[in-house]
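Student: Here it is, the structure in full.
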Amino acid sequence: QVQFVESGGGLVQPGGSLSLSCVASGFSFSSYSMGWYRQAPGKERELVARIANFGGSRTYADSVKGRFTISRDNAKNTVSLQMNSLKPEDTAVYYCHAVNNWHDRWGQGTQVTVSS
């Protein structure tokens, strides 16, 4: 059974930091590219960051470059997103995502709210 356990979301003031974590199980983690997406109210889901199977390639949305860092630990089936210098426009539900040539899998999402 495929499962994602996402954690680390919450309420933070502008300029603050949060670290999201996603622990996956039920599939071969290292055979998947992993990523984080987000969806704000009234907006489409968008890619935040993606990391290749063994961490060699990372992609970021322009809006988060220089502020967010994605990483993975294949031994622990974990992908993380370190978010610094958070802005109110980063407020959204953040989703863990796994994809390979055959499957596309989503976590349940964790809320991040940036507000004073």
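The values are calculated or read from the model by the stated rules, or taken from the named source; none is laboratory data. Predicted, not measured: the structure shown is a model, and the values here were computed from it. Positions of Cβ are generated from backbone atoms using ideal geometry, with glycine treated the same way; all protein chains shown enter the neighbour counts. To get the accessible areas, we keep the full protein, side chains included, count just its heavy atoms, and leave off ligands, DNA and RNA. Shrake-Rupley method; radii C 1.70, N 1.55, O 1.52, S 1.80 Å.
Student: List the GluC sites (Glu not before Pro) in the stretch 42-104 that DSSP assigns to loop (not H, G, I, E or B) and whose Cβ has at most 15 other Cβ atoms within 10 Å. Which are they?
Tutor: Those satisfying the criteria are Glu44.
Student: Here is a follow-up. Under the rule that an exposed site lies in a DSSP loop and has at most 10 other Cβ atoms within 10 Å, name the longest stretch of the chain with no trypsin sites (Lys or Arg not before Pro) of that kind, not counting the sites themselves.
Tutor: 66-116
Student: Just grab the label-to-label distance for Ser30 and Thr59, each label 7 Å out from Cα along the Cβ direction, in nm (one decimal).
Tutor: 2.3 nm
Student: When Lys and Arg each count +1 and Asp and Glu each count -1, what net charge do the other residues less than 12 Å away from Ala92, Cβ to Cβ, add up to?
Tutor: 0
Student: Whenever you get a sec, compute what percent of the accessible area on the chain sits on carbon and sulfur atoms (1.4 Å probe).
Tutor: 48 percent
Student: What number comes out for the charge environment of Ser71, summing +1 per Lys or Arg and -1 per Asp or Glu over other residues with Cβ under 14 Å away?
Tutor: Result for the local shell: +3.
Student: Could you compute the net charge surrounding Lys43? Neighbours are other residues with a C-beta less than 14 Å from the C-beta of Lys43; K and R count +1, D and E count -1.
Tutor: Spelling it out: positives minus negatives among the neighbours equals -2.
Student: Which whole-number percentage describes the relative contact order of the chain, with Cα contacts under 8 Å and a sequence gap of 6 or more?
Tutor: RCO, the chain: 34 percent.
Student: Right, something else. Using the crude model of +1 on Lys and Arg Cβ and -1 on Asp and Glu Cβ, and no other charge, please compute the dipole size for the chain relative to its Cα centre, in debye to 20.
Tutor: Magnitude of the dipole: close to 160 debye.
Student: Chymotrypsin sites (Phe, Trp or Tyr not before Pro), restricted to the stretch 7-78: which are DSSP loop and have at most 13 other Cβ atoms within 10 Å?
Tutor: Within the stretch 7-78, the qualifying chymotrypsin sites (Phe, Trp or Tyr not before Pro) (loop, at most 13 other Cβ atoms within 10 Å) are Phe54.
Student: With a 1.4 Å probe and all protein chains left in place, how much accessible area per residue does the chain have, in Å²?
Tutor: 52 Å²
Student: Roughly speaking, what % of Cα-Cα pairs in the stretch 1-103 are separated by over 18 Å, rounded to a whole number?
Tutor: 44 percent
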